[in-house]
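Encoded as structure tokens, the structure appears first; notes follow it.
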Amino acid sequence: MGKLLSRPYFYSGECQISYLIRVSEQNGFKHIGHLLHHAGLDWKNNRAPIHQILTGEFDLAPYLLALNLPETQSEITPIFQKFKRVVDTPYLLVKYPKVCPECLKELGYCKYEWNILPVLACIKHRKILVDIHPDSGNRLSWYRQYLNKFDNDSGVVRAINHPIQPAVIQLCKYVESLLTGRKKSASIPVILHGLEINESLSLIHFIAHYQARLLACSFKPVGMDNKELGQHYQKVWEMLHAWPDSFYALLGQYIDRPMSSKGVGGLNKHYRDLYERLHRQQENRGIARIKAEFDRYIEQYWPGVLAPERLTRIKLTSPNRNIISKKETARILGSRLERVDKLVQQEKLIPVVFKGKAHYLRNQVEAFANEITSNWTMAEACEAFQLTRYQLKQLLDADVISVLQKPDSLNRDWVIDKSQSQALIDSLREKAHRTLPPSGVVSLVGIQRQGYSIVRLILAMQSGELQYWFVPDIDHPSSIKQFTSFKVKRIG
Ligand SMILES: [Zn+2]
């Protein structure tokens, strides 16, 4: 291996690839691939593991040693190591380099920060970083021959004088403060306060992803050029400043743009998808902050859009959508369509308006249907108590037995509270004598003949005014007829 003619100094804060480009340039190599090949790296087509060098996953030390160059440390390695798989965003570094031409001119090297995706501009020079040749549209390359030139271009990289958005400067300042640990400026959105870089970048990318989705495009930051990336980040930054209202607005917009042509199904899918991603990444404090707001939103505006079982267990393929049509609602209730309107009038069902049409929440409808079927109709209650309809009506009117629904203009049927009815009989049984009745007792019919109406009878049994005896009937455990013998207690 031939010796290097020039061994430049490695600056603190310099990007390692920038250093390699300088070494390569000063020693007359075509690009860093050739330099590293010269140092013994045997990669196809003289390529090099750029990304892994930047993150520190690839150990450059043996090659630097072979070239008799000083050992360099990537400032990015400790930042990269903070990012956990699955929990944090996978995006941190650019795929292609970007530079501030003015810094480059002054310093003679590239800063490592420029490799961080949301570092869009140079705060010192208030210029957007350059990654694309303004005329040819060519990307700046890691494999360029000269540090300050595009390939096939004799001129040096020039600064772009486009006005820069305040949001972009604010974001860059914020990211730089995260990188350097320096004091943060006052213009940081509250939602980002106290977050680490992996947490805040995850939050930002999460929002960027769903913002892009709304416009039917995707957020793949690695392939984007600096300008396009800037547009995405700027929108996120502005949204974070208006948090959480802006997030609510974003979620609200899904209603008009469901994820698919499936209408409500698409909307459900959207929210489920969001929920599942939030759930998966909730260990990340940034994502947890989004999740808290998402949960609040759903609870407030779309209660039940995520069926309860989905909140505890992620189910990707549930055949049942939770937002259902009126027809489906009537089918579950076993009623006619008009009944659904009446239940809405009574606020027993809360409709959700989707694309101008009322829909219903399956879990709410099912809970209501369940309430009806698990209680008694008038006929069922008469059968259970072994009472006439007239007697039962007296008990209902006197509030001895509670009613969940009375017939009126909105309801056709009675719904009688089954568990309260059963509890009433149970408590009467507990007070009953189980011994053989003494002489002088009267039968159930007998006591009624003595002026004890069914209402007065039960109240007297409850108050202790009547002593009574009980013979269980296994087939009719709620029957009043189980109380067979009565005796009026003599007072005093
Ligand atoms: Zn600069």
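Mind checking which residues of the stretch 223-244 are of a type in the set (Lys, Arg) and over 12 Å from Leu171 (Cα atoms)?
The answer is Lys227, and nothing else.
Residue-by-condition table, conditions (1) under 19 Å from Leu459 (Cα atoms); (2) at pLDDT 90 or above:
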position: Thr377; (1), (2): no, yes
position: Leu392; (1), (2): yes, yes
position: Asp399; (1), (2): yes, yes
position: Ser402; (1), (2): yes, yes
position: Ala432; (1), (2): yes, yes
position: Thr435; (1), (2): no, no
position: Val445; (1), (2): yes, yes
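Determine the pairs where a residue that is closer than 11 Å to Tyr11 by Cα and assigned to a loop (DSSP other than H, G, I, E, B), located within the stretch 100-113, has a partner that is near the ligand (Cβ under 8 Å from one of its atoms) and not aliphatic (A, V, I, L, M) with Cβ atoms under 9 Å apart, the partner being 6 or more residues away or on another chain.
Tyr109/Cys103; Cys110/Cys100; Cys110/Cys103
Is there a residue being touching a Ser or Thr at 6+ places or on another chain (Cβ under 8 Å), outside the structural domain of Leu36 (by TED's automatic domain parsing) and assigned to a helix (DSSP H, G or I) anywhere in the stretch 175-183?
yes
Out of the residues in the stretch 420-456 that are among the small types (Gly, Ala, Ser) and touching a residue at least 24 places away in the same chain (Cβ under 8 Å), state the one that is surrounded by the most Cβ atoms within 10 Å (Cβ to Cβ).
So the residue we want is Ser421.
Residue check: is Leu195 over 24 Å from Pro134 (Cα atoms), in contact (Cβ under 8 Å) with a residue 12 or more places away in the chain and not in a helix (DSSP H, G or I)?
It is true that Leu195 is over 24 Å from Pro134 (Cα atoms), in contact (Cβ under 8 Å) with a residue 12 or more places away in the chain and not in a helix (DSSP H, G or I).
Against the conditions (1) among the aliphatic types (A, V, I, L, M); (2) more than 45 Å from the chain's Cα centre (by Cα); (3) crowded, with 21+ Cβ neighbours inside 10 Å, where does Ile76 fall short? Just the number, please.
(2)
Can you find even one residue in the stretch 201-223 that is buried (at least 16 other Cβ atoms within 10 Å of the Cβ) and over 20 Å from the mean Cα position of the chain (by Cα)?
yes
Wholly within the stretch 377-492, which helices (runs of 4 or more DSSP H) include no fewer than the required count, namely at least 2 residues that are closer than 30 Å to Glu347 by Cβ?
Helices (runs of 4 or more DSSP H) meeting the threshold: 378-385, 389-397, 418-431.
Of everything in the stretch 370-386, what is among the acidic types (Asp, Glu) and surrounded by 18 or more Cβ atoms within 10 Å (Cβ to Cβ)? Give them in sequence order.
none
Go through (1) at pLDDT below 95; (2) more than 16 Å from the ligand (Cβ to nearest atom) and name the single condition Leu93 misses.
The failed condition is (1).
What number of residues within the stretch 30-45 are touching a residue at least 24 places away in the same chain (Cβ under 8 Å) and either buried (at least 18 other Cβ atoms within 10 Å of the Cβ) or not in a loop (DSSP other than H, G, I, E, B) (or both)?
Residues meeting the conditions: 7.
Out of the residues in the stretch 114-128 that are more than 8 Å from the ligand (Cβ to nearest atom) and in a strand (DSSP E or B), which is nearest to the chain's Cα centre (by Cα)?
Ile116
Among (1) near the ligand (Cβ under 9 Å from one of its atoms); (2) at pLDDT below 95, there is one condition Glu106 misses while meeting the rest; what is its number?
(2)
The values are calculated or read from the model by the stated rules, or taken from the named source; none is laboratory data. Small disclaimer: the values here were computed from a predicted structure and weren't measured. Backbone-built Cβ (ideal geometry, glycine too); neighbour counts: all protein chains shown.
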